[in-house]
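The values are calculated or read from the model by the stated rules, or taken from the named source; none is laboratory data. Values in this document were obtained by computation on a predicted structure and should not be read as measured data. With ideal geometry, Cβ positions are generated from the backbone for all residues, glycine too; neighbour counts draw on all protein chains shown. Only protein heavy atoms, including side chains, enter the accessible area calculation; ligands, DNA and RNA are left aside. Shrake-Rupley method; radii C 1.70, N 1.55, O 1.52, S 1.80 Å.
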Amino acid sequence: MSTLWVGTSWKMTKTLAEGRAWAAGLRESLGGGGTSDGTVPAGVQPFVIPSFTAVTTVAEILGEDSPVLLGVQNAHWEDAGAWTGEVSVPQAKDAGARIVEIGHSERREHFGETVETTRLKVAAALRHGLTPLLCIGESDEVKETGGSGEFVLDQARGALEGLSAEELSRVLIAYEPIWAIGEKGRPATVDELIEPFAALGAEYTGRVTGLLYGGSVNLDNAADLLGIEHATGLFVGRTAWQLGGYLELLRIAEAHAAG
Ligand code: 13P
């Protein structure tokens, strides 16, 4: 079975002190790569995506030998220049990031992210050897029409257009239906996710690094969500913001990976 990717975005939460405590706890629990001072979950690739202010702090606390990959929640497509308020992929890499989250629905809704900008950002991340984590997902209105699979395929195809097979193999996709995300969302049932995962899986399974699910993942539904055909991981908000929740999700994934 392929590696299960289980990660969290902190979105716009956590002070530095809170971020430090979370990261130090994770370091203590998982240890460094190849060391015996912690337990790295077998078959699972953990990742954490703090807000920009905490990236270097978390990188330092986790350490260079950490089995945990670090990411940023966004990055600009240009390498440098007069883009006030933006952070580039080389800057993110310099700060310790290995993953660039791209096109989260909150960014599409509030910050004008489009298929075109996601395509440019995926290309920028790949150009610098970072893993793009492309987020896609449909609204409730689209879901009601029964067109979820086609809609998310269009988002993915638009962002991944023109990539070589080698480039595509370095991409992570997170399917996150908008109606399931955050405080206003409701947890999806497995049945609701079968069609979109079938559509995405038919096109991308075996061609990308992973196909993750996100949106109201919790300790009660995580195992079932990992059981969906073509799903190879979880991308989690609220449940993982408490370290205990994240560690429990890693254990659930480890048990799933062990079969
Ligand atoms: P929640 O797990 O809080 O619903 O957030 C999911 C998400 O948006 C991860 O990117």
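Things worth noting here:
- Some residue of region 150-162 being open to solvent by 50 Å² or more (accessible area, probe 1.4 Å) and more than 22 Å from Glu113 (Cα to Cα): no
- The number of residues in region 115-145 being more than 18 Å from Gly182 (Cβ to Cβ) and touching a residue at least 12 places away in the same chain (Cβ under 8 Å) comes to 19.
- Test for Asp140: is it modelled with pLDDT of 95 or more, surrounded by fewer than 17 Cβ atoms within 10 Å (Cβ to Cβ) and closer than 24 Å to Phe197 by Cβ: yes
- Tally of residues being in a loop (DSSP other than H, G, I, E, B) and either under 22 Å from Ala188 (Cβ atoms) or open to solvent by 10 Å² or more (accessible area, probe 1.4 Å) (or both) across region 121-137: 3
- Neighbours by Cβ (under 8 Å, 6+ apart or cross-chain): first from region 209-233, without any contact (Cβ under 8 Å) to a residue 40 or more places away in the chain; second of a type in the set (Asp, Glu) and not in a loop (DSSP other than H, G, I, E, B): Leu219/Glu248
- All positions within region 165-209 that are over 14 Å from Ala231 (Cβ atoms), in contact with a strand residue (DSSP E or B) (Cβ under 8 Å, 6 or more places away or on another chain), more than 14 Å from the ligand (Cβ to nearest atom) and not basic (Lys, Arg): Val171
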